Every structure is written in structure tokens, then in C-alpha cells.
Amino acid sequence: MEDLRARFLEGMSRAATFVAVATTDGPAGRFGVTISSLTSVSADGDQPSLLACIHHLSPAAGAILKNRSFCANLLHEGQEAMANLFAGRGGDGHDNRFDRAGWTPGPLGQPQITGATAVFECRLATALLWETHHIIVGRVVGITLSEDPAALLYGQRAYRRAVHLPKEN
């Protein structure tokens, strides 16, 4: 079984994905955590929706469930330090992260990270605890887009940038 886990981790490390910070604020407190599992669910329906997976031991997951709203902040390619900050790679506790990050409250009061290439402010639609992670689905109520669409990527266990490939003839 351990071999299966190791091979799974290696296989998934080869899939580059964008880096986001899930943030929330409300009665359960202000929290944020770096995530690499964020995807659109649908652009159709009453409102667009997205899905985020957050470890069940993360204080941000519990706060999102209690606050019933959150932001998915898609980081710009120049925001590696922000990704590290909210991943807890600076030794900072959860209390100091927002002191070191530029942010503004969105229409629902959720923290929007300054400089993020896209921010999706969401109301919690549903959540499911699957083994070690909360699968959180949010209905998007607002979107903030920056002028620069270059997103920070993570793949092969390192931060990456997308490059434009020339068209083949």
C-alpha cells in the first residue's frame, strides 16, 4: 500500500496546477490556506460554481464551514512568497498571515488577496468530508480580475510559470 501512495504522489506531482489561497472571515475567525486543488464545477446554473479541497485539520477548512463564505484567490506568478506564507512555510501562526499580506474585504467581507490574478468570492453551497479532506463547493457571487492574467503554477514539486508554446505548422 505504501508503494501505491508513493507512486500516487509522484504521479500527481507531474500534473502542474495553479496555486490559490482560500480565505475566509466571519464569526469563526479570519483564516487562509494555500491550496492546489481548486477547479471550476460549472459556469451554468443559477451561479457559476467552483470546488476546493482543504485538509480537515486546517483551521481554514473549519472556519469556511462555519462562516459559510470564502474567497478563492488565484495567485499571480510573482506571488510565491504569498503562497509560502499561507502554506505556513515561514513559521508564522495563522494570526499573523493577514498582517503580512495585502488584502481587502470583498462584498461578502471575505479577504481578497492584493495582486491575485483572479479572486472568486463564494457562498458555501455544500461540503463533504472525504477521508482527510473537506471537498467544498462554492457558488460564485463575485469575481475580481487583475490586468495581468499570469497565474502561479505548481508542478514537479516546485513553483512554475506558464510559457507560450509556438504554434506548430
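Structure values in brief
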read-out	value
Spatial separation of Cα centroids for the range 1-35 and the range 101-169, in angstrom	12
Cα gyration tensor shape of the range 65-145, rounded if a/c is under 1.5, else prolate or oblate by comparing a/b with b/c	oblate
Relative exposure of V141, V21, judged by other C-beta atoms within 10 Å (fewest first)	V141, V21
Approximate spin-label separation T132-A87, in nm, with each point projected 7 Å along Cα-to-Cβ	1.6
The chain, relative contact order in percent, only Cα pairs under 8 angstrom and at least six apart counted	27
Listed residues A43, A16, A118, most fluctuating in the chain (Gaussian network, C-alpha, under 10 Å)	A43
Top positive-direction residue, dipole computed over the chain with Cβ charges, set Q112, Q47, A16	A16
Extended-chain gain in nm, criterion 0.36 nm per residue less alpha-carbon gap, A15 and S146	44.6 nm
Cα gyration tensor category, rounded, prolate or oblate, for the chain with a/c compared to 1.5	rounded
Simple label model, 7 Å out from Cα along Cβ direction - F8 to A28, nm	2.5
Sum of side-chain charges, L124 neighbourhood, beta-carbon under 11 Å (Lys, Arg +1; Asp, Glu -1)	+4
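Read-outs throughout are calculated quantities, based only on the coordinates presented, and are distinct from any laboratory measurement. A quick note: this is a predicted structure, and the numbers were derived from the prediction, not measured. As a convention, Cβ positions derive from the backbone with ideal geometry for all residues, glycine included, and neighbour counts pool all protein chains shown.
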